[in-house]
There are 2 protein chains.
Amino acid sequence: MTTTDASPQDWPAIWPILRQVAAAGETYCWPRDITEDRTRAIWMAPPPNLTLVLRDAEVIVGTATLHPNQDGPGAHIANASFAVDPRCRGRGVGRRLAQDTLDRARAEGYRAMQFNAVVETNTGAVALWRSLGFRVLATVPEAFLHPTAGYVGLHVMHRAL
Amino acid sequence: MTTTDASPQDWPAIWPILRQVAAAGETYCWPRDITEDRTRAIWMAPPPNLTLVLRDAEVIVGTATLHPNQDGPGAHIANASFAVDPRCRGRGVGRRLAQDTLDRARAEGYRAMQFNAVVETNTGAVALWRSLGFRVLATVPEAFLHPTAGYVGLHVMHRAL
């Protein structure tokens with residue numbers, strides 16, 4: 001598996017992954033029916049945003065974005081988002097993509113990485129981030145309306161780089 | 001003092017307030033030299049963003065924006081930003097604007113208000129928010145580069161509505 005910068009030509013392979021993640025409504029603060037144009041504007045945003053893809057035997061199996069969590073005096077802290085093709089779960093794709101994105105954030109000079117909205121019922125993601133050194137700084141109560149669990153918390157997670 | 005929705009005609013009075021706040025570099029995660037166009041795009045964003053102005057005897061002395069902190073399943077939590085004309089400090093302008101914005105958020109149906117980045121050295125603002133029922137959920141360490149204090153924390157603050 002190899003992580004590289006995404007090119008515009010990768011979008012047709014990225015979009016079905018993001019569409020499925022959004023439609024499930026369980027992990028992303030996006031409308032479940034988010035349009036392709038809007039998703040592309042978010043995911044393939046211009047610099048300082050970076051878009052990464054993870055390929056397994058030439059096939060894109062995961063994707064990430066990496067960008068400053070805040071602007072100006074807060075731009076030294078990275079934020080990142082991740083999505084893995086649902087058909088490829090359980091193969092270490094998420095962990096590999098996470099590790100490669102942390103390495104890239106370090107190389108780009110960020111001093112820490114922060115997530116603002118990790119859904120607390122997304123226990124796989126929370127466990128992955130903890131295993132990679134992230135701490136839950138706070139859980140914002142009832143901040144996410146889950147399709148089956150109702151109002152659940154959003155973790156703010158952080159690690160130094 | 002009266003708080004109303006801003007009209008496009010109010011921008012020439014809003015911009016000098018925001019320009020000064022940004023240039024000071026002490027409280028906002030904006031570039032200190034942020035352009036007028038970019039500031040306007042942020043502050044006067046289309047719905048669901050709302051822009052408010054507080055007038056004292058016809059003169060705009062403070063301004064706020066109110067919008068969802070996240071989209072989709074997170075859109076029931078409000079986020080807001082505030083700026084007061086530096087010449088009008090100490091007159092209760094910030095408190096009045098804060099109270100009116102909380103009332104408006106409640107009227108708009110938000111269930112809570114969250115701030116993601118309250119600079120911990122901005123003790124006046126932190127005290128104001130605490131007095132209005134906000135709690136510090138977490139302090140993200142060294143997340144803001146202050147022009148004189150160096151790296152300081154950013155508070156995540158929250159209150160139910």
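When you look at B:Thr101, is it over 24 Å from A:Pro73 (Cα atoms) and within 13 Å of the chain's Cα centre (by Cα), yes or no? Yes: the conditions hold for B:Thr101.
Filtered by the rule that a residue be open to solvent by less than 50 Å² (accessible area, probe 1.4 Å) and free of Cβ contacts under 8 Å to residues at least 40 places away in the same chain, the range A:129-153 gives A:Trp129, A:Leu132, A:Gly133, A:Phe134, A:Val136, A:Leu137, A:Ala138, A:Val140, A:Ala143, A:Gly150, A:Val152, A:Gly153.
Residues satisfying the criterion are absent from the range B:48-56 (criterion: open to solvent by 10 Å² or more (accessible area, probe 1.4 Å), assigned to a helix (DSSP H, G or I), closer than 24 Å to B:Arg96 by Cβ and touching a Ser or Thr at 6+ places or on another chain (Cβ under 8 Å)).
Does the range B:64-78 contain any residue that is surrounded by 20 or more Cβ atoms within 10 Å (Cβ to Cβ), within 12 Å of another protein chain (Cβ to nearest Cβ) and under 13 Å from the mean Cα position of the chain (by Cα)? So far as the range B:64-78 goes, yes, one or more of its residues are surrounded by 20 or more Cβ atoms within 10 Å (Cβ to Cβ), within 12 Å of another protein chain (Cβ to nearest Cβ) and under 13 Å from the mean Cα position of the chain (by Cα). Could you check, for the range B:82-104, whether at least one of its residues is within 14 Å of chain A (Cβ to nearest Cβ) and surrounded by 18 or more Cβ atoms within 10 Å (Cβ to Cβ)? Within the range B:82-104, not a single residue is within 14 Å of chain A (Cβ to nearest Cβ) and surrounded by 18 or more Cβ atoms within 10 Å (Cβ to Cβ). If the condition is being open to solvent by 20 Å² or more (accessible area, probe 1.4 Å) and aliphatic (A, V, I, L, M), then the range A:3-23 contributes A:Ala6, A:Ala13, A:Ala23.
The number of residues in the range B:10-34 being in a helix (DSSP H, G or I) and within 14 Å of chain A (Cβ to nearest Cβ) comes to 6. A single member of B:Ala107, B:Ala160 is open to solvent by 20 Å² or more (accessible area, probe 1.4 Å) and facing another protein chain (nearest Cβ under 10 Å), and it is B:Ala160. Restricting to the range B:114-128, and then to whatever is open to solvent by less than 20 Å² (accessible area, probe 1.4 Å) and out of contact with any Ser or Thr (no Cβ under 8 Å at 6 or more places or on another chain), can you tell me which residue is nearest to the other protein chains (Cβ to nearest Cβ)? Filtering first and then ranking leaves B:Gln114. Before we move on, is B:Thr39 open to solvent by 30 Å² or more (accessible area, probe 1.4 Å), of a type in the set (Ser, Thr, Tyr) and within 14 Å of chain A (Cβ to nearest Cβ)? Judged against the criteria, B:Thr39 is not a match.
Residue-by-condition table, conditions (1) in contact with a Phe, Trp or Tyr (Cβ under 9 Å, 6 or more places away or on another chain); (2) within 24 Å of A:Val118 (Cα to Cα):
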site	(1), (2)
A:Asp10	no, no
A:Ala24	no, yes
A:Asp33	no, yes
A:Asn49	yes, yes
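The values are calculated or read from the model by the stated rules, or taken from the named source; none is laboratory data. Keep in mind that what you see is a predicted model, and the values were worked out from it rather than measured. Cβ coordinates were reconstructed from backbone atoms using ideal geometry, including for glycine residues, and neighbour counts include every protein chain displayed. These area figures cover heavy atoms from the full protein model, side chains too; ligands, DNA and RNA do not enter into them. Shrake-Rupley method; radii C 1.70, N 1.55, O 1.52, S 1.80 Å.
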